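I have placed the structure first, in the form of structure tokens, so that the comments after it can refer back to it.
Every read-out reported here was derived from the displayed coordinates using simple, explicitly stated rules and does not represent laboratory data. Predicted model, so just to flag it, every value in this text is computed and none were measured. Note that each Cβ is placed from the backbone with ideal geometry, even for glycine, and that neighbours are counted across all protein chains shown.
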Amino acid sequence: MNDKTEPGPGDIEQIRDDIDRIDADILKLLAERKAHSIRIAKEKGIHDRPSRDQSREEDLISDRIATGMDHDLDSGLVNRVWREIVNDSVRIQQEYLGRNERPRQAMTVAIQGIEGSYSQLASQQYFDHKGVSVNYVRALTFADAIAAVQRDEADVAVLPIENTTSGAISEVYDLLLDSRLHFVGDVRFRIRHCLLGIEGASVSDLRRVYCHPQAVAQCSEFLAQLEHCEVVYFSDTALSGKRIRELDDPTVAAIASEEAARLFGLSVLETGIANRDENFTRFIVAATRPAEVPAGVPAKTSIVMAVGNHPGALMEALAVFHEADINLVMLESRPIPDNPREELFYLDFDGKTSDQEVEAVLETLTRQVRFLRVLGSYPSRDLRPKPIERKVKKVAPEGRTALTQMAPSVGSAKGYKLGSRGHKEQNTVVEVSGVRIGGDDLVMIAGPCAVESWDQVMAAAKVVKEAGGSILHGGCFKPRTSPYSFQGLGYEALEMLVEAGKAYGLPVVTEVVSPEDVDGVARKADILQIGTRNMQNFSLLSAAGRAHRPVMLKRGMSSSLDELLQAAEYILSEGNQQVFLCERGIRTFETSTRNTLDLSAVPVLRQRTHLPVIVDPSHAAGDRDLVAPLALAAQAIGAHGIMVEIHPDPETALSDGPQSLRLDQFRDLMLALGFGG
Ligand code: PEP
Ligand code: MN
């Protein structure tokens, strides 16, 4: 008898279906077995017997091995599988009996709110499932809860981020982004709002209801029926319960959880008062270190990005996920504070950063967007594992190949990647208020080395605009080599610079010299400048990488071009992709000029990086009469832009007077470069 025909593709499908069915049966049986383990635990609890009986466990395993051998199964396999099953059963019983012989792992969790708050209830749900016991750090505000983690007083913070009825909790989004904490988990918690009063209170007698604004939004329909009641906003749901306990007044009530009623000895006057029965809040678990997600565990990744405001920008970014067949599960937008024309998009999608396709998508996105930060990958209970691909052969759709054929980055061996041509072939165009740096047109940046007075900066802005310049430069914080030199007028100067820019419709660029000032300067200036003396101030670079403003990075006066690109990488790797570079002269043995303008930097950088490159001949020359020829040379060699210092009266300038062009000289230079005329 020989009917050994090879199975065809159809048969294989059939066999796989059979295997799936068997696996489903095995899982069903394991679940049934688990239910029995719990029944045994109950019995043991009643009769107070220990949860472990090692000799019985060994007998059981021996018996299974023997039966397995009857079925021609490998004894080692049966041994391993049943040991796992028995251990799991013992663990289930121990957990049930609450007398786990191993001490439970303990975590310190920072939450906003007191005992009985939804944050605490959600944390309990999350950590109970993990078999972890919890100590709480109870903070007054969300920011305090985050700070507790940053100060290492808590392992994680658990913070509400969105609700199915009232939407995103924007304050938490903003705080989490600023905090640099990693998302390591999330939990969906069912909120069951109740109306709580003291014993004997009745709904018809109520005159006031204490209520958290989120709860007001979620129970608005119920509250609208309580016409005789005033709604008093309260910062915390559980605290509102505590408050009415203290008031001991039957005319006041609070909206909080049933647990809060129990905790504060209150009566539940009404349940099910939310507009929607399905009222869930999603909490984020955040920690200082990213989570490690084991292979095979369903995971979710949260990112934040800014896409710029050209038509279709968001769609193009989302298409990257679509092409890679990655499921988006959440998209939320937030305005960027002080930057009203831009939005930040928060996205959650299936998969983890270590997945190949996710890695490829993130790489593609960094080439496209203005800002991108991964907030974290974490196991998620909401997700189901992806089904195993069935098709014997799948033809990759157009575009998908582009994602999988990521060129290895030529720069990674040199210590930079995101800035390299290998990462992104196309030139980056840095856009700011309609000015495109890195596009086809030469961009002129000009202004005083230091903003000294209102009249001075206004006179400079006027000539920049009239002569065809695009961006106004002005130093407010001056990084002077000597502490005795003029240090700049700081924020007062920034106000003047911004006003002058507005008056003439010019975006402004100014230098920021310390990480602490990045936020303050980014609030006002359109472009952040990092100067030659700070090119390797890594904390400053990182802070600028977290800002939502383009950054002009000047080459360190003794730095190689690869070091410049590594410095840029500090900015890019924090999320900010809007970076352009500036060659401003380097130190050589030549003393005839202040620095030696390294014009070869332009073509070399253009080979190595997709980032725009501009040239500053003023600081290179140190002498106003040399500025024009060097600027013309920069234009000829392919710089995307030129930055020069100008001053209405260079003789009286408080810094860099000798190299500053007079306003008439600047007009002439602009004509020579082909502007106006
Ligand atoms: C400047 O551009 O104002 C400046 C201080 O330049 P650098 O950092 O190149 O010296
Ligand atoms: Mn200067």
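Quick notes on this structure:
- Considering only 487, 371, 212, and ranking their Cα positions along the charge dipole of the chain that arises from unit charges at the beta-carbon of Lys, Arg, Asp and Glu, the one farthest toward the positive end is 487.
- Annotation for residue 205 and residue 367: the two label points, set 7 Å from Cα along the Cα-Cβ direction, are 7.2 nm apart.
- Dipole-positive endmost among 79, 307, 614 within the chain (Cβ charges, Cα centre): 79
- Per residue, the average separation of C-alpha pairs within less than 8 Å and at least 6 apart gives the chain a relative contact order of 9 percent.
- Shown for 28, 352: other C-beta atoms within 10 Å of each C-beta, ranked fewest to most, produce the order 28, 352.
- Between residue 23 and residue 70, full extension at 0.36 nm per residue minus the direct alpha carbon distance yields a gain of 14.8 nm.
- Once the chain from residue 316 to residue 466 is taken as fully extended at 0.36 nm per residue, the excess over their C-alpha distance is 50.3 nm.
- By other beta-carbon atoms within 10 Å, ranking 328, 472 with the fewest at the front produces 328, 472.
- The distance between label points at residue 433 and residue 672 comes to 2.8 nm (points 7 Å beyond Cα on the Cα→Cβ vector).
- Crossing angle, helix 9-47 versus the chain [Cα axis fit, 0-90 degrees, rounded to tens]: 60 degrees
- The separation of the stretch 424-489 from the stretch 564-635, counted between C-alpha centres, amounts to 15 Å.
- For the chain, the Stokes-Einstein estimate of translational diffusion at 10 °C and a viscosity of 1.306 mPa s comes to 53 µm²/s, using the Kirkwood hydrodynamic radius over alpha-carbon pairs.
- Rounded to the nearest 20, the Cβ-based charge dipole of the stretch 174-333 about its Cα centre (Lys and Arg +1, Asp and Glu -1) stands at 340 debye.
- Counting neighbouring Cβ atoms within 10 Å and putting the fewest first, the residues 454, 82 line up as 454, 82.
- Nearest 10 degrees, 0 to 90: helix 313-323 Cα axis against the chain principal axis: 40 degrees
- Value of [θ]222 nm, deg cm²/dmol, for the chain, DSSP H segments ≥ 4, -39500 (n - 2.57) each, nearest 500: -12000 deg cm²/dmol
- Of 300/417; 424/554; 352/414; 502/524, pairs whose Cα-Cα distance is over 23 Å: 300/417; 352/414
- Cα gyration tensor shape of the stretch 120-192, rounded if a/c is under 1.5, else prolate or oblate by comparing a/b with b/c: oblate
- Charge dipole (debye, nearest 20) of the stretch 486-602; +1 at Cβ of Lys and Arg, -1 at Cβ of Asp and Glu: 140 debye
- Our coupling estimate for the stretch 454-464, obtained by passing each phi through the Karplus curve with A = 6.51, B = -1.76, C = 1.60 and θ = phi - 60°, is 4, 4, 4, 6, 5, 5, 5, 4, 4, 6, 4 Hz, Gly and Pro reported as x.
- For the chain, the Cβ-based charge dipole about the Cα centre amounts to some 720 debye (Lys, Arg positive; Asp, Glu negative; other atoms uncharged).
- Nearest-ten-degree value, helix 663-672 long axis tilted from longest Cα axis of the chain: 80 degrees
- Under the simplified labelling scheme, the residue 514-residue 288 pair shows an inter-label distance of 2.3 nm, with each label point 7 Å from Cα along Cα→Cβ.
- Karplus-derived 3J(HN,Hα), 6.51/-1.76/1.60, for each residue of the stretch 372-380, Hz, glycine and proline x: 8, 9, 8, 8, x, 10, 8, x, 10
- For the pair residue 228 and residue 44 in one chain, pulling the backbone fully straight at 0.36 nm per residue adds 60.7 nm over the alpha carbon distance.
- Per-pair calculated FRET efficiency, R0 = 45 Å: residue 140 and residue 77 via Cβ, rounded to 0.05: 0.20
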